[in-house]
Amino acid sequence: MSLPLRVKLVDVGPRDGLQNEKQPVPAAVKIELVQRLQEAGLKEIEVASFVSPKWVPQMADAAEVMHGIRRRPGVRYSVLTPNMKGFEAAIAAPRAEWPDEIVVFGAASEAFSQRNINCSIAESIERFRPVVAAARANGIHVRGAMSCTVGCPYEGEIAPERVGMLAGLMKGIGVQRVDVADTIGVGTPRKVRRALEATLKHFDIDDVSGHFHDTYGQALANTLAALEMGVWNFQSSVAGLGGCPFAKGATGNVASEDVVYLLQGLDIATGIDLDKLVDAGQFISQQLQRKPNSRAATAILSKRGG
Ligand code: HMG
Ligand code: MG
């Protein structure tokens, strides 16, 4: 089976990566992280979330971070907006500071939808509908994140039909592309393939991305399975940062460094400089006083040191 010739990575480190950190991370550090990611060649960066600061205190400075980043032409900056309040906050700044893309985020699991965004799946779609319409009317691209597409911390295994149903609902309200997320990192290639197949009934292959957390160490295997299906958009997190406050026990996203190492080995172009990416991961890990949670970064750093 032929693999894609190129892959586009969205680094979700500043958002998914940091949202679960208990210690406050200053806006200046988040801004510097975005800077280092774009210097490493990332063309898409998920910068922040406009969500309730009571629910996710770490993201309370989203506007400050969006104001502070130094934008590069050709880079797409995205933010999460779960409702109109979040969308209005995201575009309260001058137009030059608007996100290029907003992300509405739903779940294939009812229980997770309730825990994460305090409403049912059906209600979430009704909340997203005006957000999607307003974003598109303002020339802002819309992505839909679909959580718990293989497993849910509260409901267990999730059937692919439920993923297909959510993808259809997202498509119906005008979402332009979707992320198939294994929020708690329980997926294995066959299950992930089924979730992707269900999504591909509603979205073109170019508009489907893989978003794999690495709790059980399966994220790279799942990435390869998705590549074999022709998927060429993925989300990953520098230094393997992350987790969701509403998915207890789930670890970070697959590390961007590990994905880039895999892709380089497969001769798939990413436009990303792995050494600079490792530097970015080291920067944020030092800020958080820990080592990067990436096998490739650890290997590269130890080689440099020795
Ligand atoms: P709610 O309680 O249903 O909302 O929360 P509400 O409309 O009833 O408002 C309640 C309070 O929240 C009010 O404030 C609102 O003003 C405020 P109060 O009067 O109590 O002071 N509020 C907001 N404040 C700021 N920004 C907003 C906003 N909306 C309401 N946008 C809501 C609904 C979605 C806001 C809440 O449940 C929430 O913020 N949840 C956080 C969800 C979140 O950020 N989860 C993590 C990201 S998703 C994820 O990580 C998964 C992903 O990576 C993919 C994967 O791996 O699966 C994307
Ligand atoms: Mg996630």
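The helices (runs of 4 or more DSSP H) located wholly in segment 1-94 that include 3 or more residues which are within 17 Å of residue 278 (Cα to Cα) occupy 27-39.
Test residue 99 against the stated conditions and say whether it is within 16 Å of ligand 2 (Cβ to nearest atom), part of a loop (DSSP other than H, G, I, E, B) and within 23 Å of residue 211 (Cα to Cα). No; evaluated as a whole, the condition is false for this residue.
Name the one entry in 162, 143 that is open to solvent by less than 10 Å² (accessible area, probe 1.4 Å), of a type in the set (Lys, Arg) and touching a residue at least 40 places away in the same chain (Cβ under 8 Å). So the residue among 162, 143 that is open to solvent by less than 10 Å² (accessible area, probe 1.4 Å), of a type in the set (Lys, Arg) and touching a residue at least 40 places away in the same chain (Cβ under 8 Å) is 143. Restricting segment 41-59 to residues that are in contact with a Gly (Cβ under 9 Å, 6 or more places away or on another chain) and touching a residue at least 12 places away in the same chain (Cβ under 8 Å) leaves a set whose member that is farthest from ligand 1 (Cβ to nearest atom) is 41. Regarding residue 192, is this residue open to solvent by less than 10 Å² (accessible area, probe 1.4 Å), away from ligand 2 (no atom under 16 Å from the Cβ), in a helix (DSSP H, G or I) and more than 22 Å from residue 25 (Cα to Cα)? Considered against the rule, which asks whether it is open to solvent by less than 10 Å² (accessible area, probe 1.4 Å), away from ligand 2 (no atom under 16 Å from the Cβ), in a helix (DSSP H, G or I) and more than 22 Å from residue 25 (Cα to Cα), residue 192 comes out as no. Among the residues of segment 240-266, those that are more than 16 Å from ligand 1 (Cβ to nearest atom) and either free of Cβ contacts under 8 Å to residues at least 60 places away in the same chain or open to solvent by less than 10 Å² (accessible area, probe 1.4 Å) (or both) comprise 257, 258, 260, 261, 262, 263, 264, 265. Is there a residue being open to solvent by 50 Å² or more (accessible area, probe 1.4 Å), assigned to a loop (DSSP other than H, G, I, E, B) and under 18 Å from residue 262 (Cβ atoms) anywhere in segment 198-215? Yes, some residue in segment 198-215 is open to solvent by 50 Å² or more (accessible area, probe 1.4 Å), assigned to a loop (DSSP other than H, G, I, E, B) and under 18 Å from residue 262 (Cβ atoms). Counting only helices (runs of 4 or more DSSP H) that sit completely within segment 245-306, those holding 3 or more residues that are small (Gly, Ala, Ser) and at pLDDT 95 or above correspond to 274-287, 295-305. Residues in segment 216-239 that are surrounded by fewer than 22 Cβ atoms within 10 Å (Cβ to Cβ), of a type in the set (A, V, I, L, M) and not in a helix (DSSP H, G or I): 229 alone.
The values are calculated or read from the model by the stated rules, or taken from the named source; none is laboratory data. From a predicted model like this one, the values you see are computed outputs, not experimental measurements. Here the Cβ is made from the backbone with ideal geometry for all residues, glycine too, and neighbour counts use every protein chain on show. Surface accessibility is based on the protein's heavy atoms, side chains included, excluding ligands, DNA and RNA. Shrake-Rupley method; radii C 1.70, N 1.55, O 1.52, S 1.80 Å.
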